[in-house]
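Note sheet for the following structure.
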Amino acid sequence: MLAAGLKACARRVGFDLVGVAPAVAPEGFHELLDWIDRGYAGSMEYIPRRTEAYAHPEHVLDGVRSVVMLAINYRTDDPRPPAAGEGRVSRYAWGGRDYHDLLREKLGALADWLHAEVPGCRTRGVVDTAPLLERDFARLAGLGWIGKNTVLIDRRMGSWLFLAALLTDLELEPDAPHETAHCGTCTRCLDACPTDAFPEPYVLDARKCIAYLNIELRDRPVPVALREGMGDWLFGCDVCQDVCPWNRKSPRSAELAFAPRADLNPADARAFLRMSEAEFRWRFRGTPLDRPKRAGLLRNAAIALGNAGDRSAVPVLVEALADPAPLVRGAAAWALGKLGGESAESALAARRRIEPDEVVQSEIDDALAAG
């Protein structure tokens with residue numbers, strides 16, 4: 001009865017899926033160890049640093065007996081094709097709030113209900129930040145299966161899902177795990193990846209993932225060999241989910257916080273590249289786009305403009321050669337080298353004579369050589 005009441009409360013506060021898993025060692029822990037050993041975590045040092053904590057949810061909440069897994073659908077509008085000078089932003093970031101904050105609020109309401117029902121119980125809400133293999137526990141709680149692109153898929157909702165967990169020391173009746181995968185022989189997600197980030201089904205090399213490159217790799221240059229594969233993605237990437245057949249009929253989200261901002265579907269890459277630090281904070285503080293910080297987002301905009309092949313972007317890229325952030329200057333130099341032309345080469349040569357940063361100097365030299 002307690003589990004049934006908790007699930008009813010979860011739906012009232014806005015979760016679309018809810019299930020209960022026992023607090024056990026996750027099946028995917030040894031796969032995580034192998035993934036880390038293969039170097040696929042890239043610069044996300046926080047994962048290997050906490051490796052042993054992923055072995056059991058007791059490292060997240062001492063005395064935990066149940067893991068309540070929850071999901072909320074974030075599919076809203078369909079993406080509009082970018083025009084000249086525009087780029088794409090992942091669907092999950094179209095809204096005006098960071099989903100972490102929204103889900104924590106909902107988890108707080110759910111925990112309050114449980115504490116009112118069982119005074120003295122212990123709980124902890126988790127949204128991405130704790131060492132918990134959320135997808136493993138979501139499958140164990142019956143929410144869906146893990147697809148070949150490593151995301152959780154529900155037959156009705158598809159994969160446009162944010163996951164959250166509520167750990168408790170109460171023993172709740174568990175749900176039956178989702179034992180069957182329904183990807184079959186389909187490999188559309190693997191075949192569509194522009195950077196070949198899947199070395200094999202169910203394995204993601206994060207170092208090649210576009211979302212890793214333009215979000216997690218926020219304080220350093222993107223490897224040159226992977227820049228063209230980023231295409232026009234300014235933030236995140238939805239390619240492997242866009243092609244998934246299970247997402248064709250996924251429902252629209254009713255959550256108002258996920259309603260797309262008019263300036264993000266698509267986004268103006270040229271305007272991004274001209275953003276000051278103050279404007280960046282004003283537009284994106286408290287949203288997912290705050291994560292790569294201004295320099296990372298402007299770097300992405302420069303790469304997208306270079307990939308577009310439109311020389312009308314040369315003037316804004318020339319302006320970016322004087323940006324205070326070396327990360328932005330280097331990406332702008334690369335993009336100008338891609339676009340070429342007399343004005344691009346002249347600006348690169350002029351900047352090379354005064355550029356103080358060695359990495360940017362190298363970027364300029366390579367760009368001039370490419371021209």
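The values are calculated or read from the model by the stated rules, or taken from the named source; none is laboratory data. Please read these numbers as outputs of a predicted model, since none were measured by experiment. Every residue, glycine among them, receives a Cβ derived from its backbone with ideal geometry; neighbour counts consider all protein chains shown. Protein only, heavy atoms only, side chains kept; ligands, DNA and RNA dropped before computing areas. Shrake-Rupley method; radii C 1.70, N 1.55, O 1.52, S 1.80 Å.
Key figures
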| read-out | value |
| --- | --- |
| Sparse-neighbourhood loop sites, trypsin sites (Lys or Arg not before Pro) in the range 152-199 - DSSP loop, at most 16 other Cβ within 10 angstrom | Arg155, Arg156 |
| Quarter of Cα convex hull surface for the range 86-130, i.e. mean projection, nm² | 4.1 nm² |
| Cα-only Debye scattering, the range 169-285: base-10 log of I(q)/I(0) at q = 0.11, 0.17, 0.23 Å⁻¹ | -0.57, -1.09, -1.37 |
| Net charge over other residues, Cβ less than 11 angstrom from the Cβ of Val24 (K, R count +1; D, E count -1) | -2 |
| Accessible area of the range 188-336 divided out per residue, in Å², using a probe of 1.4 angstrom | 41 Å² |
| Rounded to 10°, Cα long-axis angle of helix 342-352 versus longest principal axis of the chain | 80 degrees |
| For the range 92-186: rounded, prolate or oblate by the Cα gyration tensor [a/c cutoff 1.5] | oblate |
| Carbon plus sulfur fraction of accessible area for the range 167-267, probe 1.4 Å, in percent | 53 percent |
| Carbon/sulfur fraction of accessible area - the range 16-65, other protein chains in place, 1.4 Å, % | 49 percent |
| Under DSSP loop assignment and at most 11 Cβ neighbours within 10 Å, longest GluC sites (Glu not before Pro)-free interval of the chain | 180-371 |
| Cα-Cα over 28 Å, subset of Lys7/Lys293; Lys7/Lys208; Lys208/Lys293; Lys106/Lys148; Lys249/Lys338; Lys148/Lys293 | Lys7/Lys293; Lys7/Lys208; Lys106/Lys148; Lys249/Lys338; Lys148/Lys293 |
| Computed over the chain: relative contact order in percent, which uses C-alpha pairs under 8 Å that are six or more apart | 20 percent |
| Net lengthening on full extension, Arg11/Arg353 (0.36 nm per residue, minus Cα-Cα) | 117.0 nm |
| Rounded, prolate or oblate (a/c below 1.5 giving rounded, otherwise prolate when a/b exceeds b/c) for the range 1-158 by Cα gyration tensor | oblate |
| Cα→Cβ-extended label distance, 7 Å offset, between Glu105 and Glu345, nm | 5.6 nm |
